[in-house]
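Here's the structure we're looking at; comments come further down.
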Amino acid sequence: MPTARSVDVQAFLNEHPFSRYQWLVFALCFFIVLLDGFDTAAIGYIAPSLTTEWGIARPALAPVLSAALFGLAFGALSAGPLADRFGRKAILIGSVLVIGAACLASAFAGNLDQLVMLRFVTGLGLGAAMPNAVTLMSEYCPEGRRAMVTNAMFCGFPLGAAFGGFLAAWMIPLWGWRSVLVLGGIAPLVLAAVLLVLLPESVRYMVAHNHPVERIRAVLRRISETAAGAAGFVMTEKAPVTKTRNGIAVVLSRGYLVGSVMLWVAYFMGLVIFYALINWMPILFKDAGLAPRDAALIAALFPLGGVGAVLSGWLMDRFNANRIIAFGFVLTYGAVYAIGQVAGNVGLLVVTVFAAGTIMNTAQTSLPSLAASFYPTHGRATGVAWMLGLGRFGGIGGSFLVAELARRELDFTSIFAIVAVPGLVAALALLVKQFVHPEDRSSGTGRTVEALGH
């Protein structure tokens, strides 16, 4: 790139190869989301041990299973606007510290009430970390690879959740259920120290908030030395520009409201399915006659399937993203329904759980990338965070849904038939979003200069 008086930041990212510095951002964000998935799902894997050690009836587990989800919701709703105002890096480091400290403390809980409180605090950190990791990663991506790279980063969440299942199956018989929470606490504390040294601030955030040119130039030079001659930086947005710079006002503005609500509905419904299954499958499989260790291992295959989001991201970068994800949710309905039909055949159950997890998590994991591309920079962290935060109430609903179905003594097949239905609702919401906010990958219109670095 020749020396320029002003450099368009997104054009700069588009024109240069994905650098080692961007891969560093990817790796750091990936590990944040990986630990997020591990700590979020850990409580489901230790639940059977809790019922045995503390003599808890299954319906009484609902508060502890959902406590972190309440924290996740409130953490996301508050952290998004804070990140749009104060930056992505500070909120990310603070949230990872909260995750580590609260999860470590959870390992020493003496009763159910203490564990519920500490899981809520853990959830506050988890809820703040994930949307800001997604936002930061998306803001370092070239447009032609944004969905694929962001989806690949977000695969850390289902991989972390699955990894937790495999570790729990190994660690609990050796050291007890508390050891899983000890590991889930120490790892984020170590990661927070690494983030403090290595994690950069979002370059798009710095331009939007008029940070010094020297600071922006120093970051972009880590991507390519051609940024050395830039005297200033500008930023363009494909998303419509709004008059307000307040993140919440952007998300709720007339130009974004319908799309925002449809994203919330889709994410909510996806998490009804995800948390209903990730929290209850080990218990449901155990009740269906599987050994506790086999039940945990088979259930762990469900979040492992999220790696399919890389293919989804590739498709989203090339075709209509709303329709791609909607189709995934339609397939989710059929796949989750099928789990309830194969309980008597362990081999077929293994294949069906993994297939359902691949399809469902591919669709769900693609939604944060869709939200990140939908909003402008000054509302992006809030938009992604509010989708994730409000969607968490779907996770809470999913946890209580299965508890209620179990209380009503529905059989294995009926429970999975009911849990599958939100997949169809999520698909419908995305089709409504497409109708109101038509997305056309072939269109290059709608770009406007948004900010200038000083």
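To the nearest 20 Debye, how big is the dipole of region 246-435 about its Cα centre, given +1 on the beta carbon of each Lys and Arg and -1 on that of each Asp and Glu?
480
According to a simple spin-label model (label point 7 Å from Cα along Cα-to-Cβ), what is the distance in nm between residue 215 and residue 90?
Label-label distance for residue 90 and residue 215, simple model: 1.0 nm.
Expressed as a whole percentage, what fraction of the accessible surface of the chain belongs to carbon and sulfur atoms when a 1.4 Å probe is rolled over the protein heavy atoms?
Its accessible area is 68 percent carbon and sulfur atoms.
Would you mind checking which residues have amide H under 5 Å from residue 234's amide H? H placed 1.01 Å from N; only 5 or more apart, or other chain.
Here the answer is 7, 8, 9, 453, since their amide H atoms fall under 5 Å of that of residue 234.
Sorted by mean Cβ packing within 10 Å, highest first, what order do the peptides 161-173, 89-101, 250-262, 36-48 take?
Highest-to-lowest ranking by the protection proxy: 36-48, 89-101, 161-173, 250-262.
Let me spell out the model: positive unit charges on the Cβ of Lys and Arg, negative unit charges on the Cβ of Asp and Glu, origin at the Cα centre of the chain. What dipole size does that give, in debye rounded to 20?
In total the dipole reaches around 760 debye.
Report ³J(HN,Hα) in whole Hz for each residue of region 190-206, in order, from the Karplus equation J = 6.51 cos²θ - 1.76 cosθ + 1.60 where θ = phi - 60°; Gly and Pro get x.
Coupling constants for region 190-206: 5, 4, 4, 5, 5, 4, 4, 8, 9, 6, x, 6, 4, 5, 5, 4, 5 Hz.
With a/c under 1.5 counting as rounded, go ahead and sort region 80-199 into rounded, prolate or oblate using the C-alpha gyration tensor (a ≥ b ≥ c being the square roots of the eigenvalues; past the cut-off, prolate if a/b is larger than b/c, else oblate).
The shape class here is prolate.
Taking the mean number of other Cβ atoms within 10 Å as a proxy for protection, how do you rank 356-362, 224-230, 321-327 from highest to lowest?
356-362, 321-327, 224-230
So what are the ³J(HN,Hα) numbers for region 164-170, from phi and the Karplus equation (6.51, -1.76, 1.60; θ = phi - 60°), rounded to whole Hz, Gly and Pro as x?
Rounded to whole hertz, the list is x, x, 5, 5, 4, 4, 8.
Return one whole number: the accessible area per residue of the chain in Å², for a 1.4 Å probe.
36
If you plug each phi of region 254-267 into the Karplus form 6.51 cos²θ - 1.76 cosθ + 1.60 with θ = phi - 60°, what whole-Hz ³J(HN,Hα) values come out, in order, with x for Gly and Pro?
Karplus-based 3J(HN,Hα) across region 254-267 equals 4, x, 10, 4, 4, x, 4, 4, 5, 5, 4, 4, 4, 5 Hz.
Pulled fully out, how much extra length does the chain show between residue 174 and residue 53, if you take 0.36 nm times their separation in residues and subtract their Cα-Cα distance?
Full-extension gain reported as 42.1 nm.
Roughly what would the spin-label model give for residue 252 and residue 425, points 7 Å off Cα along C-beta, in nm?
Spacing of the two 7 Å Cα→Cβ label points: 2.3 nm.
How charged is the neighbourhood of residue 14? Take every other residue with its Cβ under 11 Å from the Cβ of residue 14, and add Lys/Arg as +1 and Asp/Glu as -1.
Neighbour charge sum, excluding residue 14 itself: -1.
Whole-Å semi-axes of region 246-435's equivalent ellipsoid, largest first, each the root of 5 times a Cα gyration tensor eigenvalue?
They are 31, 17, 13 Å, listed from largest to smallest.
Which whole-number percent is the relative contact order of the chain (Cα, under 8 Å, 6+ apart)?
The value is 27 percent.
Where does each of 111-119, 201-209 land if you order them by average Cβ count within 10 Å, highest first?
So the peptides 111-119, 201-209, ranked by packing, come out 201-209, 111-119.
Largest first and in whole Å, what are the equivalent-ellipsoid semi-axes of the chain based on the Cα gyration tensor, each being the root of 5 times an eigenvalue?
Output for the chain: semi-axes of 38, 24, 18 Å.
So if we plug the beta-carbon distance of residue 288 and residue 231 into 1/(1 + (r/R0)^6) with R0 = 60 Å, what FRET efficiency do we get, rounded to 0.05?
The computed FRET efficiency comes out at 0.35.
The values are calculated or read from the model by the stated rules, or taken from the named source; none is laboratory data. On a predicted model such as this, the values are computed, not experimentally measured, just so you know. Here Cβ is always computed from backbone atoms with ideal geometry, including for glycine, and neighbour counts include all displayed protein chains. Ligands, DNA and RNA are stripped out before the accessible areas are found, and what is left, the full protein with its side chains, is counted by its heavy atoms. Shrake-Rupley method; radii C 1.70, N 1.55, O 1.52, S 1.80 Å.
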